[in-house]
Amino acid sequence: MKTMNRDATHGRAHSQGIDDVFKALASEQRREILRILGEATPDPGKTCCAPDEVCGCKLSDRLGIVPSTISHHMSVLLGAGLVTARRDGKWIYYSLRREALDAAASELRRL
């Protein structure tokens, strides 16, 4: 009986995680942020961050969104497990978790 309860709890946790992912993807601005992160490439002149990272300030500039709104969107994306964040002083650098997007796509294909 305990195994069934643990499995049921795991199923609910998995379901909640997938729900968080799809809620995060429901925002056009968050989808655009993911596109930008997905396009991050090594740039020889890039000194601010790693090749696959984008600074929150660059996201704000590129999307024309105030930093506080970027922060909110990134919090949702982080909570859903779609991105990672690395703080360096006052700057935060974000990168896409492609495996999380792949898992969401797999979940959609199962429908």
In whole Å, how far is the Cα centre of the range 60-85 from that of the range 88-105? 10
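Full extension from Val66 to Glu28: what is 0.36 nm times the residue separation minus their Cα-Cα distance, to one decimal in nm?
Details: separation 38, 0.36 × 38 = 13.68 nm, distance 1.58 nm.
Once the chain is fully extended between Val66 and Glu28, it gains 12.1 nm.
What FRET efficiency comes out for the pair Ile36/Asp102, r = Cβ-Cβ distance, R0 = 22 Å, nearest 0.05?
E(calc), rounded to 0.05, equals 0.75.
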Return the distance in nm (one decimal) between the two label points of a simple spin-label model at Arg109 and Asp52, each offset 7 Å from Cα along Cα→Cβ. 2.0
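Just want to confirm a number: the relative contact order over the range 46-111, from Cα pairs under 8 angstrom separated by 6+ residues, in percent.
On the way: 57 pairs, mean separation 20.2, N = 66.
Relative contact order comes out at 31 percent.
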Distance in nm between label sites at Asp88 and Ile18, each 7 Å beyond Cα in the beta-carbon direction? 3.7
Give a residue-ordered list of calculated ³J(HN,Hα) values for the range 33-39 (Karplus: 6.51 cos²θ - 1.76 cosθ + 1.60, θ = phi - 60°; whole Hz; x for Gly, Pro). 4, 4, 4, 4, 5, x, 8
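All of the numbers you see were taken from the coordinates with simple rules; none came from a lab. It should be emphasised that the depicted structure is a prediction, and the values quoted were computed from it without experimental measurement. A quick note on method: Cβ atoms are made from the backbone with ideal geometry, for glycine too, and the neighbour counts reach across all protein chains shown.
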